[in-house]
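Read the structure below first, then the notes.
The values are calculated or read from the model by the stated rules, or taken from the named source; none is laboratory data. Remember, predicted model here, so these are calculated numbers, not experimental data. All Cβ positions, even for glycine, are placed from backbone atoms using ideal geometry, and neighbour counts span all protein chains on display. Heads up: the accessible areas ignore ligands, DNA and RNA and are worked out on the full protein's heavy atoms, side chains in. Shrake-Rupley method; radii C 1.70, N 1.55, O 1.52, S 1.80 Å.
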Amino acid sequence: MGSVPAWARAYVAGVVLLALACLAPLPQLRVPWEIVALLAVLYAGCERVTLPLRPHGAGTPGGDATQGMGAFLPVLLAGAFLLPAPAAALVALPGALLARVEQRPRGPRRIWRAAQLAVSVWAASRVYGALGGREALVAPDFPYALLPAGAAVLTFSAALTVLDGGILALAERAPVRGAWHGLFARSLAPVAVHGLAGLMMAVLWRSPYGPVAALLVLLPMYVSCWVFAQYHRERAAHQATIRALVQAVDIKDGYTRGHSERVGRASVLIARELGMNDERVEVLRFAGILHDVGKLGVPTRLLRKDGPLTPEERRVIELHPEYGHEMVRGIGFLGEARSAILHHHERLDGSGYPYGLAGPQIPEFARVVAVADAFDAMTSTRSYRRARPVRAALEELGRCAGTQFDPRMVAALVRALDRHGWHPAVTADTAPALAPGMPAYPSDTLGRSAP
């Protein structure tokens, strides 16, 4: 835990002591140990099918506590509804201590998670009991039981938020005002849904049908959790594939290092301004990131050549959209992104390449990526020329709108940058000094290596 700041270690230790204090009254209580054992074993076993714990950052022992609990949060909340608060807190410990953790130090992360969950479940159970929830559950006064259950869910979410924000502020040195921003809102909706399932488990547990019927509540949630886990793994594989391709391009063409990621980011800004749905936005981000992947098929000496390209050399480089399209043809999840990779150097007036498409013949994704690509090329400092200011780059895009670029995409980028701003970056391997005799800005608005 040496990589974790001292204040963060002290904070984790304090939460661990608080969790132990929550468990301390157990010897003096009459606890239905069979329920505790069954719920604890169930939660620990279910942890093996959920996503691994993914902390907020590499240096923190914490993380979003709702991440990795999957569909089995109802087990913890059912414990809060059925058991005294110290016993309910105990249910979370075996599963949390046995949870899969992606990053080191794994032991401290597990301990933090166990303490965090124990405190949160204890608080939820105390609120539920104080509002008469257990009596309403047994009576049965079921409609009224929704009120203490709702209060318990709010308490659980609030406790997670407070503890998560603290570890963010101390371990990742997030600004105090922003450390808790959005945490409660993100956790409340899933916790509320799982809280209803937990309440249903508790009601069935107390019914004549008993624990077996209560466990059936988890079956559809197990299936949904398994499907989500598969989606998460598939998405992670997609990201790894794209990351490997982009790294290969960056290594080969050092002049444009980081360019692909920024084109993806600018493409997303345009897409959101155009009102595209989240699925299309994500595919368009892939298109922006992979638009130059075809450069892997271009000789390195041409990509790194100092000075202007000959017409023959330019024609070779202009093959990179077709190379890129062939490389990603079999990657099904890219969808529309493939057309953007092939056509992002087409021009609205039909003078682009590789096929000389014009106007609406050019796919929408390609028109977005063309604007994002040109914008980043102009605003990035490279070893052979200085960057243009953002405003100058936007003016150049506006001047070329209608002939080279789609005016709708240019206008969307202008609106997005007015709202979000832009931070250009140095993308060359070396310091951004101009090479002797090289112009400040090349006549090609896309930059030296844009073809």
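Tabulated data for the structure shown
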{"item": "Residue satisfying condition, being open to solvent by less than 10 Å² (accessible area, probe 1.4 Å) and either modelled with pLDDT under 85 or assigned to a loop (DSSP other than H, G, I, E, B) (or both), within set Ala145, Ala152", "result": "Ala145"}
{"item": "Any hit, the stretch 258-276, residues being in contact with a strand residue (DSSP E or B) (Cβ under 9 Å, 6 or more places away or on another chain), among the hydroxyl-bearing types (Ser, Thr, Tyr) and crowded, with 16+ Cβ neighbours inside 10 Å", "result": "no"}
{"item": "Members of the stretch 332-367 found to be touching a His at 6+ places or on another chain (Cβ under 7 Å) and among the hydroxyl-bearing types (Ser, Thr, Tyr), listed by number", "result": "Tyr353"}
{"item": "Output for the stretch 69-127, where each listed residue is on the phi > 0 side of the Ramachandran plot and over 24 Å from the mean Cα position of the chain (by Cα)", "result": "none"}
{"item": "Count of the stretch 91-127 residues which are farther than 20 Å from Tyr11 by Cα, open to solvent by 40 Å² or more (accessible area, probe 1.4 Å) and assigned to a helix (DSSP H, G or I)", "result": "4"}
{"item": "Residue ID - nearest to Ile317 (Cα to Cα), chosen from residues in the stretch 344-366 that are crowded, with 24+ Cβ neighbours inside 10 Å and of a type outside the set (D, E, K, R)", "result": "His344"}
{"item": "Qualifying position, being over 21 Å from Glu336 (Cβ atoms) and either crowded, with 19+ Cβ neighbours inside 10 Å or of a type in the set (Phe, Trp, Tyr) (or both), among Leu394, Leu413", "result": "Leu394"}
{"item": "Looking only at the stretch 7-30, and only at residues there that are within 13 Å of Ala89 (Cα to Cα) and small (Gly, Ala, Ser), the one that is least open to solvent (accessible area, probe 1.4 Å)", "result": "Ala19"}
{"item": "Test result for Gly2, exposed (fewer than 13 other Cβ atoms within 10 Å of the Cβ) and either closer than 25 Å to Leu218 by Cβ or modelled with pLDDT of 90 or more (or both)", "result": "no"}
{"item": "Residue match in the stretch 329-347 (condition: farther than 23 Å from Cys400 by Cβ and at pLDDT 90 or above)", "result": "yes"}
{"item": "Lone qualifier among Ala58, Ala88 - being open to solvent by less than 30 Å² (accessible area, probe 1.4 Å) and either among the aliphatic types (A, V, I, L, M) or modelled with pLDDT under 90 (or both)", "result": "Ala88"}
{"item": "Test: Arg177 is assigned to a helix (DSSP H, G or I), charged (D, E, K, R), surrounded by 15 or more Cβ atoms within 10 Å (Cβ to Cβ) and modelled with pLDDT under 80", "result": "no"}
{"item": "Residue within the stretch 296-306 that is among the small types (Gly, Ala, Ser) and open to solvent by less than 30 Å² (accessible area, probe 1.4 Å) present", "result": "no"}
{"item": "Search result, residues across the stretch 310-336 that are assigned to a loop (DSSP other than H, G, I, E, B), under 22 Å from Gly352 (Cβ atoms), without any contact (Cβ under 8 Å) to a residue 24 or more places away in the chain and of a type outside the set (D, E, K, R)", "result": "Thr310"}
{"item": "Single match in Val227, Val212, Val223, Val249 (criterion: within 25 Å of Pro363 (Cα to Cα) and assigned to a helix (DSSP H, G or I))", "result": "Val249"}
{"item": "Any hit, the stretch 249-265, residues being of a type in the set (Phe, Trp, Tyr) and in contact (Cβ under 8 Å) with a residue 60 or more places away in the chain", "result": "yes"}
{"item": "Residue within the stretch 201-211 that is out of contact with any Lys or Arg (no Cβ under 7 Å at 6 or more places or on another chain), surrounded by 14 or more Cβ atoms within 10 Å (Cβ to Cβ) and either free of Cβ contacts under 8 Å to residues at least 40 places away in the same chain or under 30 Å from Phe286 (Cα atoms) (or both) present", "result": "yes"}
